[in-house]
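The values are calculated or read from the model by the stated rules, or taken from the named source; none is laboratory data. None of these values were measured; they are calculated from a predicted model. Counting neighbours? That spans all protein chains shown, and the Cβs are built from the backbone with ideal geometry, glycine included. All accessible areas refer to the heavy atoms of the entire protein, side chains included, with ligands and DNA or RNA removed. Shrake-Rupley method; radii C 1.70, N 1.55, O 1.52, S 1.80 Å.
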Amino acid sequence: MDLHLRPIYQERASDSNTLGVILVEKIDSVSPITDNFDTVLFIITKDNEKPIFTKHYSFDNNKKAVMHTITEKQIQKWLIVGYNKKIVDWLFCGKVLFDRNEYVDTLKKNLKNYPFEGRQVKLGVEFAKMIRRYEESKVSFDARDYFDAYNHMIEVLHHLARQTIIQQGRYPEVTVWNQLKGYNVEVYNLYEKFITSHKEIKERLLEIFDIIKMLIEESVEESAQHLLEVMKQQAHWSVQQLHEDEELNVYSVNLEFFVEFLVEKGYIEIDRIETKSPGVFHRYYTVKKK
């Protein structure tokens, strides 16, 4: 670490609220992992007024550093929903400068082993994203917007790859396709064939739609397990209750789409309750009893 940054790191490490400090340094001339900063100081805290706090520094005339102070709750949320993939790179590629009670070491071990509960949540989140992108691809295809349909299908395949890694009990890394080679050659080959084929885009899409549909059907029950288990905790749910539940908010904008998908598949039933307006009913959701 540069001597200019050492006091900043030491000040954070001496704070009882700090759980870990990780240093990530730029290696290549272009470095997406550090957002092209020369140095990243990644500070993990128990709690903070702001879950994400960032500062930029200049030192040695032309060098620049960034400090990200992030709460453990925010990190866990990102790890589940996959919004900030750089976090995984920072954890595994960075140098641990400070580790209170082996917090960072334990976090890394948990990511490698992937506890079952976290695995089920992550499966559901990736699956919800995948089925939305799949439907968007089909809609674009039917509208003859083949390039848009192609882009959506690329996203479908990325979510499929991440889901496949999770099913193997591993955390999906940023370089997910390279990671997937060791776990599922079939899905890897499906992706490779789709992007390297010399066929017209329309023909490639027609070939892959049915394959993806089959893979979706095969994984519905496993991928919906977390959402359904949460919903079993009460008899029926309004859509507002679903959105306000802390365990379900990880599905974000895909929650309603996922619920309606499970209604169509017969996993969730609709309870209709009369309103004051004749012929209009409140719509409540309940898990179908087997």
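Do we find a residue being part of a strand (DSSP E or B) and among the polar types (S, T, N, Q) anywhere in segment 19-37?
no
Which members of segment 179-205 meet the condition of being of a type in the set (A, V, I, L, M, F, W, C) and either under 12 Å from Tyr150 (Cβ atoms) or open to solvent by less than 70 Å² (accessible area, probe 1.4 Å) (or both)?
Those that are of a type in the set (A, V, I, L, M, F, W, C) and either under 12 Å from Tyr150 (Cβ atoms) or open to solvent by less than 70 Å² (accessible area, probe 1.4 Å) (or both): Leu180, Val187, Leu190, Phe194, Ile195, Ile201, Leu205.
Can you confirm whether Lys95 is open to solvent by 30 Å² or more (accessible area, probe 1.4 Å) and within 19 Å of Gln179 (Cβ to Cβ)?
No: the conditions fail for Lys95.
Restricting the search to segment 64-99, which residues are of a type in the set (A, V, I, L, M), under 27 Å from Ala161 (Cβ atoms) and touching a strand residue (DSSP E or B) at 6+ places or on another chain (Cβ under 9 Å)? Walk me through it before giving the result.
Of all residues in segment 64-99, those of a type in the set (A, V, I, L, M) come to 65-67, 70, 75, 79-81, 87-88, 91, 96-97.
After this cut, where a residue has to be under 27 Å from Ala161 (Cβ atoms) as well, the list is 70, 75, 79-81, 87-88, 91.
Within segment 64-99, Ile70, Ile75, Ile87, Leu91 qualify.
If only one of Val230, Val250, Val220 is under 23 Å from the mean Cα position of the chain (by Cα), more than 22 Å from Gly266 (Cα to Cα), among the aliphatic types (A, V, I, L, M) and in a helix (DSSP H, G or I), which one is it?
Sole residue among the options that is under 23 Å from the mean Cα position of the chain (by Cα), more than 22 Å from Gly266 (Cα to Cα), among the aliphatic types (A, V, I, L, M) and in a helix (DSSP H, G or I): Val250.
State all residues of segment 261-290 that are open to solvent by 60 Å² or more (accessible area, probe 1.4 Å) and assigned to a helix (DSSP H, G or I); if no residue qualifies, say none.
Glu264
Scan Thr45, Thr34, Thr54 and give me the residue that is among the polar types (S, T, N, Q) and modelled with pLDDT under 90.
Thr34
Would segment 81-89 turn up any residue that is of a type in the set (D, E, K, R), in a strand (DSSP E or B) and surrounded by 17 or more Cβ atoms within 10 Å (Cβ to Cβ)?
Looking through segment 81-89, none of the residues is of a type in the set (D, E, K, R), in a strand (DSSP E or B) and surrounded by 17 or more Cβ atoms within 10 Å (Cβ to Cβ).
One line per residue, one yes/no per condition, for (1) touching a strand residue (DSSP E or B) at 6+ places or on another chain (Cβ under 7 Å); (2) of a type in the set (A, V, I, L, M, F, W, C):
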position: Asn189; (1), (2): no, no
position: Ile201; (1), (2): no, yes
position: Leu205; (1), (2): no, yes
position: Ile208; (1), (2): no, yes
position: Leu215; (1), (2): no, yes
position: Lys232; (1), (2): yes, no
position: Gln241; (1), (2): no, no
